[in-house]
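Student: The structure under discussion is supplied below as structure tokens; questions concerning it will follow.
The values are calculated or read from the model by the stated rules, or taken from the named source; none is laboratory data. Nothing here was measured: the structure is a model prediction, and the numbers come from that model. Neighbour counts are summed over all protein chains in view; Cβ atoms, including those assigned to glycine, are modelled from backbone coordinates with ideal geometry.
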Amino acid sequence: MGGSFKMQKHVLADILCFGCWSRSQFSPRADGSCINTGYKVNISCLIINLEYVECNWTKPQMQQINYTFSSVFLHNSSRECPQYLQEHRQNVGCRIPLGAPLRRFDPFHTKLSVGRNQSICKNYTTLKHRVKLDPPQNLSVNASGREGEVCVHWIRSNIKKDCVNYKVGYRKASGPWKISTPTLYSSYCVSPVSSGVTYTFQVRSSMSDMCGASDFWSDWSDPVQWNNNKDVRTTAQRQVYWHVLGSVLGVIILISLSLLLCYSERIKVVFVPVVPDPSKSLQDLFKKYNGNVESWVYISRELKDAFEPDYTESPCVVCEPSPTSETKTKDGPTEQPVS
């Protein structure tokens, strides 16, 4: 019971703190809840991607003061900032884990202490209208199946599907930007597209009405470009193309020359036998073979056998007639006339 009373007293003190913030000077209240510093300091809080609350404070002339920030959601205990954001070694913001995403519908109280028991307070009845999502990631563009139509796609947020709206910004070349109406889908198509023209696309997101609409849109995503003329290439693409083409052609030419050289050597060996050196061969005839032409020429045994006769003949004796025989033949009987 005592703890509940202290909690109610603490929340009441924070509410009184919000009521005392003004541009005019204030003296300390009896409950010691809030004292105005006399400087106009703006405290601004946003829920980032439903992950944490980020509060920042600024004023025209930031002094070297040890700023201390504390905050609390309704029905929770107030606590000092767990993670300060600094510039030039001075606290200029605070990051508070959100915890449950539904906390964005609860009242949120903040208090900035600026030293000398002086504080500035700000109250938000709800933070549901102050949610800023991260920009969509991994954009890609390609032609759809329809003639003259191109579509951009992106990775959907991890948040519930129907809770995020998307807007697509696109333009032709360096022309003016066109913004689409909010959509729940993770793609958007444009038609008709002009031939040979470069299109640039960007996407941003926000909470939809179905889950508590936000007044803030995310930053635009990184741009992605597309050109529907496949023959149009950038200078870098041309250099890579010609480099690869030249390398492939060089390899093909080397392989072709190697095959042609090998084939030519085979033809040369078959049809154009090597002619021996005559001087060396003649030296072998007299020095190595002692003038034996048959051994020098190297006639194979088969060829020798081909010239050998394969039959036998009886010898034929030829005699010359003696002179005596010739004389008798001449003096032989003569033909006598018949009477």
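Student: Mind checking which residues of segment 66-81 are within 10 Å of LYS111 (Cα to Cα) and either part of a loop (DSSP other than H, G, I, E, B) or not assigned by TED's automatic domain parsing to the domain that holds ARG103 (or both)?
Tutor: Within segment 66-81, just SER78 meets the criteria.
Student: State all residues of segment 86-129 that are within 13 Å of TYR52 (Cβ to Cβ) and either surrounded by 15 or more Cβ atoms within 10 Å (Cβ to Cβ) or without any contact (Cβ under 8 Å) to a residue 24 or more places away in the chain (or both); if no residue qualifies, say none. Please lay out each step first, then the result.
Tutor: We begin by selecting, within segment 86-129, every residue within 13 Å of TYR52 (Cβ to Cβ); these are 93-101, 103-104, 108, 127.
Once the filter is applied, which keeps residues that are within 13 Å of TYR52 (Cβ to Cβ) and either surrounded by 15 or more Cβ atoms within 10 Å (Cβ to Cβ) or without any contact (Cβ under 8 Å) to a residue 24 or more places away in the chain (or both), segment 86-129 yields GLY93, CYS94, ARG95, ILE96, LEU98, GLY99, ALA100, PRO101, ARG103, ARG104, PHE108, LEU127.
Student: Okay, moving on. (1) in contact with a helix residue (DSSP H, G or I) (Cβ under 6 Å, 6 or more places away or on another chain); (2) part of a strand (DSSP E or B); (3) surrounded by fewer than 18 Cβ atoms within 10 Å (Cβ to Cβ): which one isn't true of ASN142, the others all being true?
Tutor: ASN142 satisfies every listed condition except (1).
Student: Considering only segment 168-185, how many residues are under 16 Å from TRP220 (Cβ atoms), in contact with a Ser or Thr (Cβ under 9 Å, 6 or more places away or on another chain) and in a loop (DSSP other than H, G, I, E, B)? Full working, then the answer.
Tutor: First, the residues of segment 168-185 that are under 16 Å from TRP220 (Cβ atoms): 168-171, 176-180, 182-183.
Right, trim to in contact with a Ser or Thr (Cβ under 9 Å, 6 or more places away or on another chain) and you get 168-171, 177, 182.
Next, from what is left, pick out any that are in a loop (DSSP other than H, G, I, E, B): 177, 182.
Qualifying residue count for the region: 2.
Student: For ASN165, work out the one condition from (1) in a strand (DSSP E or B); (2) assigned by TED's automatic domain parsing to the domain that holds GLU54 it doesn't fulfil.
Tutor: Unmet condition: (2).
Student: Here is a check on your reading of the model: is ASP231 acidic (Asp, Glu) and modelled with pLDDT of 80 or more? Steps first, answer last, please.
Tutor: Working: acidic (Asp, Glu): yes; modelled with pLDDT of 80 or more: no.
No.
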